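K.L.:
Structure below; questions to follow.
The values are calculated or read from the model by the stated rules, or taken from the named source; none is laboratory data. On a predicted model such as this, the values are computed, not experimentally measured, just so you know. Cβ coordinates were reconstructed from backbone atoms using ideal geometry, including for glycine residues, and neighbour counts include every protein chain displayed.
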Amino acid sequence: MAVTGFLLRVLVMTYVITWSAADLKDEAPCDSPIFCNGPLLVAAQNARIYNDSKTFVDLHLKESEETILAAFNQLPNATDADAMKTFVEEYFDGPNIEFEDWEPSDWTENPGFIEGIKDADLKEWAKDLNELWKDLGRQIKQDVLTNADRYSLMHVENPFIVPGGRFREFYYWDSYWIFKGLLLSEMTETVKGMLTNFVSITKSLGHVPNGNRVYYEKRSQPPFLIPSVYLYLQATDDMETIRTFLPDLETEYQFWMTNRSIDITKDSNVHTLNRYNVYMGMPRPESYREDIETAHGNNEEEAAEVYSNLASAAESGWDFSTRWFRDGATLATIRTKEIVPVDLNSVLCLCERALYEMYNMAGNATKAETYLQAFNKRKEAIAAVLWSEEHGAWFDYDTVSGNTVEEFYPSNIMPMWASCYEDTNDVQQKVLDYLKGEGVLDYAGGIPTSLTRSGQQWDYPNAWPPLQDIVIETLRQSDVEEANDYALKLAQNWTLTNWRAYNETNLMFEKYDVERQGVPGHGGEYAVQAGFGWTNGVIMSLLDHYGDQLQIDTDSGSHETAFILLNIICFVIALFLSHDV
């Protein structure tokens, strides 16, 4: 059986290598001639009908695909913006018409974690955040299944929680932190339904996509399905459901090992690690104009590589960051596929450990041993290829130069978060010293995403909720007492950042500014979004762990400045949302 499996893997990988040698420029994001590729998409996006490129590809077709394409082919002036605006108004409607009202049956007014919160203001805020799940909940209409070709949305059976704003569908890695919040809100049936959605989509696509839109189907996101299922199991002991999930969890894992793996030779030893690597040579439909502009000046083949690297960065979740740029500054030099990222390999290590634990609990010793070996091999690979004893951290690996990229990113400590390391030579102390030496523990508004001010949203001065949670959890679980103290300090700062913004706007934002506590982040392809699923989940987790210690300090000197900036930002957001979203 083992030999057969090995041969199958070799055949699959040979196929992938051959497939990758095909003409990349002809590889569309999906097969839809309206939502993914074709002259109608080009004409509609070039007409700039909407400020946000995503709006057009989230619309609903009023007529059949064939009728609309035939009408478009008869259009005498498709390059005229006014003509295309009229055409789109006649044949499309939306966005946001794919859903029906949904009230979660498992929502409860006073989940238990709220009782542990000491500060009265924070306790009331936690109740507000618990209410927000109802605003962010979505149930897809049956018509999306009946008339699938009229929607870009992929139908799933169960209701789910969205991030918010322009993100109208569910997103892969966002959901891990949403799950953390939902489980604290005791909404276990909602979590089970969402996990079932992920599993069902894995059955049809062979992996979990970036989100449930057809234009996302060829790219994924950091693979958090397996850790999410393990979270659910720890909260519910529902081993019966997990047994039904396990074969599909393996499918998701094998997608990454077959399509996203790479062998690295270090000190004469070959180590298998993973990277982001989307085989797609056309612009992302939801960022069509932006991608065309980024690739401007390249020939067809060069542009296809730019598009593939842009999609791969979107797959990483870090879209975009100088982390992926060859020159460390310019989006047009993006080369995501050349980087072996610390965070992806840490998450996969977490997957391997969780699969070991779940198969062990399921009584399948053979499978458990397989994933225990995979976990140990990845620990060895991460230590050999990514660890720097000199700096006391792990770093991304550049496959072209053969060196690590020794720039600061919060992802540099993620093997410790994933327990994917051997704690020898005081690794925990070295990691803390590294963070202190980089000066990233001292910002009032959170841990910066990088130390490069580029205008990209996954760079300085933005701070993102999942990265805050990862750093705080890493330090909270450390055996080093000073690290525990820093975890509390960071939790206090991040809580104040979120609370101050909410106190002035009644909004939770997707990202914040590390330099100005309580001010939303900025930069990138779109305006800062409010909602916000993973932001809520992270704050709930902090209030659960530190509820007896966190408190509101209303005397901050930066509060007045933050108030002024927040009102300006919220005005811009309202103006933006009134156009498209």
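K.L.:
Does the range 483-529 hold any residues that are in contact with a Ser or Thr (Cβ under 7 Å, 6 or more places away or on another chain) and under 27 Å from residue 433 (Cβ atoms), and which are they?
P.N.:
Within the range 483-529, 484, 512, 517 qualify.
K.L.:
So residue 329 clears everything in (1) over 20 Å from the mean Cα position of the chain (by Cα); (2) in a helix (DSSP H, G or I) except one condition, right? Which one?
P.N.:
Single failed check for residue 329: (2).
K.L.:
Being closer than 25 Å to residue 319 by Cα, in contact (Cβ under 8 Å) with a residue 24 or more places away in the chain and buried (at least 23 other Cβ atoms within 10 Å of the Cβ): is that true of residue 178 here?
P.N.:
yes
K.L.:
Mind checking which residues of the range 370-399 are in contact with a strand residue (DSSP E or B) (Cβ under 6 Å, 6 or more places away or on another chain) and either of a type in the set (Val, Ile, Thr) or part of a helix (DSSP H, G or I) (or both)?
P.N.:
381, 384, 385
K.L.:
Something else now. Looking only at the range 55-77, count every residue that is modelled with pLDDT under 95 and within 21 Å of residue 287 (Cα to Cα) and tell me the total.
P.N.:
Matching residues across the range 55-77 total 0.
K.L.:
Any residue at all in the range 159-175 that's in contact with a Ser or Thr (Cβ under 8 Å, 6 or more places away or on another chain), within 30 Å of residue 115 (Cβ to Cβ) and part of a helix (DSSP H, G or I)?
P.N.:
Yes, that holds for at least one residue.
K.L.:
While we're on this one: Filter the range 372-423 down to the residues that are of a type in the set (Lys, Arg) and touching a residue at least 60 places away in the same chain (Cβ under 8 Å), then identify the one that is surrounded by the most Cβ atoms within 10 Å (Cβ to Cβ).
P.N.:
378
K.L.:
Sort through 162, 88 and tell me the only one that's among the hydrophobic types (A, V, I, L, M, F, W, C) and more than 19 Å from residue 185 (Cβ to Cβ).
P.N.:
Criteria check complete, one pass: 88.
K.L.:
Okay, next question. Which residue, of 345, 309, 360, is under 29 Å from residue 423 (Cα atoms), of a type outside the set (D, E, K, R) and surrounded by 23 or more Cβ atoms within 10 Å (Cβ to Cβ)?
P.N.:
Criteria check complete, one pass: 345.
K.L.:
Quickly run through the range 38-58 and pick out the residues that are among the aliphatic types (A, V, I, L, M) and more than 23 Å from the chain's Cα centre (by Cα).
P.N.:
Selection gives 40, 41, 42, 43, 44, 47, 49.
K.L.:
Within the range 250-269, take every residue that is in contact with a helix residue (DSSP H, G or I) (Cβ under 9 Å, 6 or more places away or on another chain) and over 22 Å from residue 355 (Cα atoms) and give me the one that is surrounded by the fewest Cβ atoms within 10 Å (Cβ to Cβ). Spell out the reasoning first.
P.N.:
Initially, the range 250-269 is screened for residues in contact with a helix residue (DSSP H, G or I) (Cβ under 9 Å, 6 or more places away or on another chain), giving 250-261, 264, 266-267, 269.
If we keep only those that are over 22 Å from residue 355 (Cα atoms) too, we end up with 264, 266-267, 269.
Values: 264: 18, 266: 14, 267: 7, 269: 11.
The selected residue is 267.
K.L.:
Could you tell me whether any residue of the range 226-236 is buried (at least 19 other Cβ atoms within 10 Å of the Cβ), assigned to a loop (DSSP other than H, G, I, E, B) and under 18 Å from the mean Cα position of the chain (by Cα)?
P.N.:
No: zero hits.
K.L.:
If I go through the range 291-317 residue by residue, how many of them are within 13 Å of residue 335 (Cα to Cα) and part of a loop (DSSP other than H, G, I, E, B)?
P.N.:
1
K.L.:
Still on this structure: Farther than 30 Å from residue 150 by Cβ and out of contact with any strand residue (DSSP E or B) (no Cβ under 9 Å at 6 or more places or on another chain): is that true of residue 249 in this structure? Show your work before the answer.
P.N.:
Values: farther than 30 Å from residue 150 by Cβ: yes; out of contact with any strand residue (DSSP E or B) (no Cβ under 9 Å at 6 or more places or on another chain): yes.
Spelling it out, residue 249 is indeed farther than 30 Å from residue 150 by Cβ and out of contact with any strand residue (DSSP E or B) (no Cβ under 9 Å at 6 or more places or on another chain).
K.L.:
Further, regarding this structure: For the condition among the β-branched types (Val, Ile, Thr) and either modelled with pLDDT under 95 or over 30 Å from residue 183 (Cβ atoms) (or both), what is the one hit in 241, 294?
P.N.:
Checking each option against the conditions leaves just 294.
K.L.:
Let me ask something else about it. Is it the case that residue 450 is out of contact with any Phe, Trp or Tyr (no Cβ under 7 Å at 6 or more places or on another chain) and part of a loop (DSSP other than H, G, I, E, B)?
P.N.:
Working: out of contact with any Phe, Trp or Tyr (no Cβ under 7 Å at 6 or more places or on another chain): no; part of a loop (DSSP other than H, G, I, E, B): yes.
No: the conditions fail for residue 450.
K.L.:
Run down 288, 276, 215 and say which single residue is of a type in the set (Phe, Trp, Tyr) and part of a loop (DSSP other than H, G, I, E, B).
P.N.:
When all the criteria are applied, what remains is 276.
K.L.:
Could you say which residue among 537, 523 is among the small types (Gly, Ala, Ser), within 18 Å of the chain's Cα centre (by Cα), at pLDDT 95 or above and not in a loop (DSSP other than H, G, I, E, B)?
P.N.:
From the options 537, 523, the qualifying one is 537.
K.L.:
Would you please list the contacts, defined by Cβ atoms under 6 Å and residues six or more apart or on different chains, that run from a residue in the range 241-254 that is charged (D, E, K, R) to a residue that is modelled with pLDDT of 95 or more and not in a helix (DSSP H, G or I)?
P.N.:
243/362; 252/207; 252/208
K.L.:
Which condition number in (1) loosely packed, with under 14 Cβ neighbours inside 10 Å; (2) modelled with pLDDT of 95 or more; (3) under 29 Å from residue 536 (Cβ atoms); (4) among the charged types (D, E, K, R) is the one that residue 52 fails?
P.N.:
Among (1) loosely packed, with under 14 Cβ neighbours inside 10 Å; (2) modelled with pLDDT of 95 or more; (3) under 29 Å from residue 536 (Cβ atoms); (4) among the charged types (D, E, K, R), residue 52 violates only (1).
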